[in-house]
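The values are calculated or read from the model by the stated rules, or taken from the named source; none is laboratory data. Predicted model only: the values in this text are computed from it and were never measured. Here Cβ is always computed from backbone atoms with ideal geometry, including for glycine, and neighbour counts include all displayed protein chains.
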Amino acid sequence: MAVDAAFTSKLPKIELHAHLTGSISRGTLHDIWRIKKDAEPRLALQDPLVAIPPGGLHDIKTFFPLFSSYIYQLCSDLPSIEFSTRRVLSDFQADGVVYLELRTTPRASPAHSITKDLYVSTILSILRSHNADPANTLHAALILSIDRRNSLAEAHETVDLALKHRPFGVVGLDLCGDPSVGGIAKFAPTFQRAKEAGLGITLHFAELAASATDEELWELLRWRPGRIGHVIHVKGEIKDEIVRQGVGVELCLSCNVQLKMHGEGGYEGHHFGWWRGARVGVALSTDDVGVFQSPLSEEYRLAAEHFRLGRDDVRKLCEGAVETIFGSEAEKERLRVMYRGWDGWIG
Ligand SMILES: CNc1ncnc2c1ncn2[C@@H]1O[C@H](COP(=O)(O)O)[C@@H](O)[C@H]1O
């Protein structure tokens, strides 16, 4: 039976690689912009519907600056952070996502009296009230990101925040940011501390050929991540080690294709084709659905179209992803039961 859009939108889905700020839709950003523009007509920021083109972004050089030079200017005060986080949750839920590990880089906004601690607790309180509503089928948890540009002291501060807020919904730590920024080895003690404290570890891995040096990739694997993201420019012996360690992979098809991160191979040439046959959990993910505009249901549909997946292949993918989540055993069991009991496989 076909894995079409009707099927993938009803499919209960697990999203494990979604950056909060990148997941804010153009429509939501536009709503925030409208309020600010009405209050301050001289506001020099472009309308998000213009700044982020309808077909997404196609150049990695303009992609990373979009956050610091544009989106952060719209979403740095408390009402915008709260409003956009609520919208991100409801967008994922409307797309049939049942479990979400959202990630974000703690960000202080002194102009709005927001500390990193307040930023994290604000987002967590929105996630908790979402999860507490029995009408919501989506459960969300938070991963804190360390940006490759951070200093070691900033990275340690992020681990401190993750540990402090763990009882309120932080489940892991991520390494993200522009992969052309080198020098990641300095973060080893930070991730070691997080690992020893029992936080889940996920790392952006081999995103660009230039960053996928043997030195960097072996270093990242020494940190014993539970999952790695993108996993594009990886040669045989490193793939073997990933499989040997049982590291889950978070694969973002549309992001990689739109930014041509794996060259010109398009969807057919995406490394999902290799990883789906490896003995590791694979979580199809959106990365930044606000920018790339391809929701998770569409990522499943695209994978099915380009790699000829049947409904049983999709079932195996989803069930494999369950085992790689950083959430509790109770959460895993909720998802296993959901997949066993879901009757949508048969139409
Ligand atoms: C190719 N895709 C990617 N690779 C690496 N890092 C990425 C990313 N997409 C997003 N980010 C990271 O997430 C931040 C925005 O969300 P938060 O403010 O943290 O919620 C970006 O500034 C970037 O550091």
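Some notes on this structure:
- Residue count for the stretch 199-222, restricted to those that are part of a loop (DSSP other than H, G, I, E, B) and either farther than 17 Å from Pro189 by Cα or of a type in the set (D, E, K, R) (or both): 8.
- Within the stretch 92-116, considering residues that are in a helix (DSSP H, G or I) and within 16 Å of the ligand (Cβ to nearest atom), the one surrounded by the fewest Cβ atoms within 10 Å (Cβ to Cβ): His112
- For the stretch 276-334, the tally of residues that are surrounded by fewer than 17 Cβ atoms within 10 Å (Cβ to Cβ) and in contact with an Asp or Glu (Cβ under 6 Å, 6 or more places away or on another chain) stands at 0.
- Residues that are in contact (Cβ under 8 Å) with a residue 60 or more places away in the chain, assigned to a helix (DSSP H, G or I) and of a type in the set (Phe, Trp, Tyr), drawn from the stretch 305-344: Tyr339
- Filtering the stretch 157-181 to residues that are more than 14 Å from the ligand (Cβ to nearest atom) and outside any strand (DSSP E or B) leaves Glu157, Val159, Asp160, Leu163, Lys164, His165, Arg166, Pro167, Phe168, Gly169.
- Answer from Ile238, Ile242, Ile325 - the residue that is aliphatic (A, V, I, L, M) and out of contact with any strand residue (DSSP E or B) (no Cβ under 8 Å at 6 or more places or on another chain): Ile238
- Selected residue [under 26 Å from Asp91 (Cβ atoms) and surrounded by 19 or more Cβ atoms within 10 Å (Cβ to Cβ)] from Leu199, Leu217, Leu138: Leu138
- Residue list for the stretch 224-237, filter: buried (at least 19 other Cβ atoms within 10 Å of the Cβ), assigned to a loop (DSSP other than H, G, I, E, B) and of a type outside the set (A, V, I, L, M): Pro225, Gly226, His233
- Test: residue in the stretch 288-299 that is at positive phi, part of a loop (DSSP other than H, G, I, E, B) and within 16 Å of the ligand (Cβ to nearest atom): yes
- Residue check, Ala212 more than 16 Å from the ligand (Cβ to nearest atom) and either surrounded by 14 or more Cβ atoms within 10 Å (Cβ to Cβ) or at pLDDT below 95 (or both): no
- For the stretch 238-248, the criterion of being surrounded by fewer than 21 Cβ atoms within 10 Å (Cβ to Cβ), without any contact (Cβ under 8 Å) to a residue 12 or more places away in the chain and outside any helix (DSSP H, G or I) is met by no residue.
- The stretch 10-50 - residue that is basic (Lys, Arg) and surrounded by 12 or more Cβ atoms within 10 Å (Cβ to Cβ) and, of those, farthest from the ligand (Cβ to nearest atom): Lys10
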